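A.B. asks: First the structure, which I've put down as structure tokens, then a few questions once you've had a look.
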Ligand SMILES: *Cc1c(COP(=O)(O)O)cnc(C)c1O
């Protein structure tokens, strides 16, 4: 094992030459902590705080007039913030709207795109997806009067942690009506080849959608260029919108004529919404899939947060994110390997197959090691049964912090520090 001081020296050099280094000062880092949990809940920035305070003041001073007279009129907030975020995911004008929450958007989109007909009745997803997505798919299948036990196909993981794209493609048979997959797997951090999967689905005339909650803000996408049919992603992970912040919904413009079945008045033709007619006519853009009045207060942070991300640029963010995660992998190879440690990394090693976090497994003590890290004011997270997720985030983490996390892990295991903690998991870990 190389001495920690050698790695610290290298880290300081990387920090010194980091073109994104100054962005850290625009975030509130919880005092005395090393926060490597931005894949679960991103941190508050001063910019996001400012936009929230501004909107609060607009409500205070304008009352209902804020819908049209606020600096960014609330009536157009969802459309305008959608336009602001479009470059992050490669959406064309009108294809991205800031609305709903991830799971609600999944319901809204699947209800449109899942149209079982003849032999094509199945939805193809994967067994490693986030549970909420699977619950929503099963609910949508039942809504059509069908049996999820028969109609939901789950592509199996190859090693319990990752998916093989070709195996998924092989399952795109003539019985599949729709494919729905994650961009980055929430546990292992594997990044799927969305362009390839989209091309192969379309070759078989199957529409395909993605949940990009674990990649938006960490990995640039090109939805429109790839022809992705639809997508959704939350904004509280790498997009730093705040707990439960409004999500995004992407709809490829070739589908704007389709019917939003979870219809609501905010999806109505914008200029005519207040005509209050009883026959629903949706606006011909992603906005047509909005359901309710946007929760402007909860949504307001996104404006400031997106200013930071746009200023930094998605390509620069991705570049630093990959440097941070590959640095962690290098450190783990030196400090956390060997039988006395028991750690393995289940995140794919190749840059193009990796999202923004590293998943470390420990066969017996992952939970207590996570607790020991937290006691040292290092915040990762734990996913049952054996995964510790470490997400060094480009906008606010440093290379030096990555060394400190790896050396803390090394010491916790070497000194059996985890023994001080209970094996009981808290409600949120
Ligand atoms: C974070 C996340 C969610 C969360 O869903 P909410 O509706 O926002 O609670 C859903 N799916 C995936 C893949 C996620 O990463």
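A.B. asks: Restricting attention to region 143-157, and to residues there that are more than 27 Å from residue 234 (Cα to Cα) and surrounded by fewer than 17 Cβ atoms within 10 Å (Cβ to Cβ), which single residue is nearest to the ligand (Cβ to nearest atom)?
C.D. replies: Per the criteria, the residue is 149.
A.B. asks: Additional query: Condition test on residue 186, is it touching a residue at least 60 places away in the same chain (Cβ under 8 Å) and either within 20 Å of residue 232 (Cα to Cα) or surrounded by 15 or more Cβ atoms within 10 Å (Cβ to Cβ) (or both)?
C.D. replies: So residue 186 passes the test.
A.B. asks: Take region 186-217 and flag every residue that is out of contact with any strand residue (DSSP E or B) (no Cβ under 8 Å at 6 or more places or on another chain) and within 24 Å of residue 246 (Cβ to Cβ).
C.D. replies: Passing the criteria: only 217.
A.B. asks: Filter region 179-204 down to the residues that are part of a loop (DSSP other than H, G, I, E, B) and either away from the ligand (no atom under 16 Å from the Cβ) or touching a helix residue (DSSP H, G or I) at 6+ places or on another chain (Cβ under 9 Å) (or both) and list them by number.
C.D. replies: Correct list: 183, 189, 192, 193, 204.
For every residue, the table says whether it meets (1) more than 16 Å from the ligand (Cβ to nearest atom); (2) assigned by TED's automatic domain parsing to the domain that holds residue 229; (3) surrounded by fewer than 17 Cβ atoms within 10 Å (Cβ to Cβ).
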position	(1), (2), (3)
65	yes, yes, yes
80	yes, yes, yes
91	yes, yes, no
98	no, yes, no
105	no, yes, no
111	no, yes, no
122	yes, yes, no
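A.B. asks: Evaluate the following for residue 262: is it within 16 Å of the ligand (Cβ to nearest atom) and farther than 24 Å from residue 87 by Cα?
C.D. replies: Yes, satisfied.
A.B. asks: Looking at region 397-407, can you tell me whether even one residue there is more than 23 Å from residue 218 (Cβ to Cβ), surrounded by fewer than 21 Cβ atoms within 10 Å (Cβ to Cβ) and assigned by TED's automatic domain parsing to the domain that holds residue 22?
C.D. replies: Yes, region 397-407 contains at least one residue that is more than 23 Å from residue 218 (Cβ to Cβ), surrounded by fewer than 21 Cβ atoms within 10 Å (Cβ to Cβ) and assigned by TED's automatic domain parsing to the domain that holds residue 22.
The values are calculated or read from the model by the stated rules, or taken from the named source; none is laboratory data. Note that the structure is a prediction, hence the values are computed from the model and not measured. Positions of Cβ are backbone-derived with ideal geometry, glycine not excepted, and every protein chain shown enters the neighbour counts.
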